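J.: Have a look at this one.
The values are calculated or read from the model by the stated rules, or taken from the named source; none is laboratory data. No experiment lies behind these values; they were computed from the predicted model shown. Here the Cβ is made from the backbone with ideal geometry for all residues, glycine too, and neighbour counts use every protein chain on show. Quick note on the areas: whole protein, heavy atoms, side chains included, nothing else; ligands and nucleic acids left out. Shrake-Rupley method; radii C 1.70, N 1.55, O 1.52, S 1.80 Å.
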Amino acid sequence: MTNRGVNKVILLGRLGADPDIRYLPNNGGKVVAVRLATSEVWKDAKNAKQERTEWHRVVFFKKLADTAGDLLKKGSKIYVEGTLRTQQWDKNGEKRYRTEVVVHELQLLDRPTAPASVNGSSSNPASEDADWDDEYADMPLN
């Protein structure tokens, strides 16, 4: 095996809100950000059902952004594959961080027909902040 690492994320979950559609400056293209919920269910020592939900920031670029913007809505069930990317910026002298999943493959799972699969890639590391997370509203584009 080589000395390089692996950066791969696979998520299956439901959207917590409608997609946030933005456009990069200088005609840089469309960026779509969504909140994706994944849940884990188990039984505790007393045999009671327990559930934990994790929220993920998921972003789409290029043709995947077009597809996500057109077809996804709150409650949509999707499968995504992508990579983790952490962004850093300063706000009033304080360092801020955000980790998101940059999607390379999208499958729509709640369609009445067979799930559609859309492959694409994103080499553009810049994205604008989504409205659902105002704390990052001042984050610059890379």
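J.: Can you work out the Karplus-derived ³J(HN,Hα) for every residue in the range 3-13? Use 6.51 cos²θ - 1.76 cosθ + 1.60 with θ = phi - 60°, whole Hz, and x for glycine or proline.
T.: Listing the rounded values in order: 8, 8, x, 10, 10, 9, 10, 10, 10, 9, x Hz.
J.: Please name whichever of 39, 65, 89 sits farthest to the positive end of the charge dipole of the range 1-115, dipole taken about the Cα centre and charges placed at Cβ: Lys and Arg +1, Asp and Glu -1.
T.: Value computed over the given set: 89.
J.: Can I ask one more? If you take the charge dipole of the range 1-110 about its Cα centre, with +1 on Lys and Arg Cβ and -1 on Asp and Glu Cβ, which of 76, 53, 19 is farthest toward its positive end?
T.: Looking along the dipole axis, the top candidate is 53.
J.: Excluding ligands, DNA and RNA, what is the solvent-accessible area per residue of the range 15-108 at a probe of 1.4 Å, expressed in Å²?
T.: Accessible area per residue: 56 Å².
J.: Amide H to amide H, which residues 5 or more places from residue 17 or on other chains are under 5 Å from it, using H placed in the peptide plane?
T.: The answer is 35, 75.
J.: List the pairs from 8/30; 8/73; 8/62 whose alpha-carbon separation is above 28 Å, in the order I gave them.
T.: Values: 8/30 23 Å; 8/73 25 Å; 8/62 19 Å.
Pairs exceeding 28 Å: none.
J.: Can you tell me which of 33-43, 75-85, 5-15 comes out highest on packing, and rank the rest after it, using the mean Cβ neighbours within 10 Å? Please list the in-between numbers first.
T.: Working: 33-43: 15.2, 75-85: 17.1, 5-15: 13.4.
Going from most to least packed, we get 75-85, 33-43, 5-15.
J.: If packing is taken as the mean number of other Cβ atoms within 10 Å per residue, what is the order of 57-70, 87-100, highest first?
T.: Order by mean packing, descending: 57-70, 87-100.
J.: In a shell of Cβ-Cβ distance under 13 Å around residue 80, excluding residue 80 itself, what net charge do Lys and Arg (+1) and Asp and Glu (-1) give?
T.: Result for the local shell: +2.
J.: Taking the Cα centre as origin and putting +1 on Lys and Arg beta-carbons and -1 on Asp and Glu beta-carbons, what dipole magnitude results for the range 2-112, to the nearest 20 debye?
T.: 120 debye
J.: With θ set to phi - 60° and the Karplus curve 6.51 cos²θ - 1.76 cosθ + 1.60, what are the ³J(HN,Hα) couplings of the range 33-43 in order, to the nearest whole Hz, using x for Gly and Pro?
T.: Karplus-based 3J(HN,Hα) across the range 33-43 equals 10, 9, 9, 10, 9, 10, 10, 10, 10, 8, 9 Hz.
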